[in-house]
Amino acid sequence: ENLAIIDSIIYDAFGAYFDLYLDLLLEANSNASEGREASMDTDVSLEGHRDYLNYRRDNDPARPMLNRLYGQEYTEDVISNVLFQMI
């Protein structure tokens with residue numbers, strides 16, 4: 001019975017997920033070959049990603065817990081240099 005579930009439901013879900021992944025990969029590759037337009041899209045995406053990371057860094061919900069466990073200096077170092085090092 002367990003193998004039947006894997007062979008049917010899980011395998012089908014994995015196949016659908018993998019097909020979607022390949023479609024997204026091909027679309028990204030197509031956009032990258034279009035030149036400047038793709039570059040502008042990438043710039044906008046990176047800017048949005050940086051904004052999100054700045055927000056998450058400033059509002060990290062783990063900060064109070066980490067402060068209590070490890071102290072403020074260590075916590076800020078981990079948050080800035082490990083969790084959100086891109087910014």
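The values are calculated or read from the model by the stated rules, or taken from the named source; none is laboratory data. The structure displayed is predicted, hence computed values, not measured ones. Quick note on the areas: whole protein, heavy atoms, side chains included, nothing else; ligands and nucleic acids left out. Shrake-Rupley method; radii C 1.70, N 1.55, O 1.52, S 1.80 Å.
Here are the numbers:
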item	result
Solvent-accessible surface (1.4 angstrom probe) belonging to ARG57, in square angstrom, nearest 10	60 Å²
³J(HN,Hα), Karplus 6.51/-1.76/1.60, whole Hz, each residue of segment 54-59, x for Gly, Pro	4, 4, 5, 4, 6, 10
Exposure ranking of LEU24, LEU46 by accessible area [1.4 Å probe, largest first]	LEU24, LEU46
Difference of contour (0.36 nm per residue) and Cα-Cα distance, ASP43 to SER8	8.4 nm
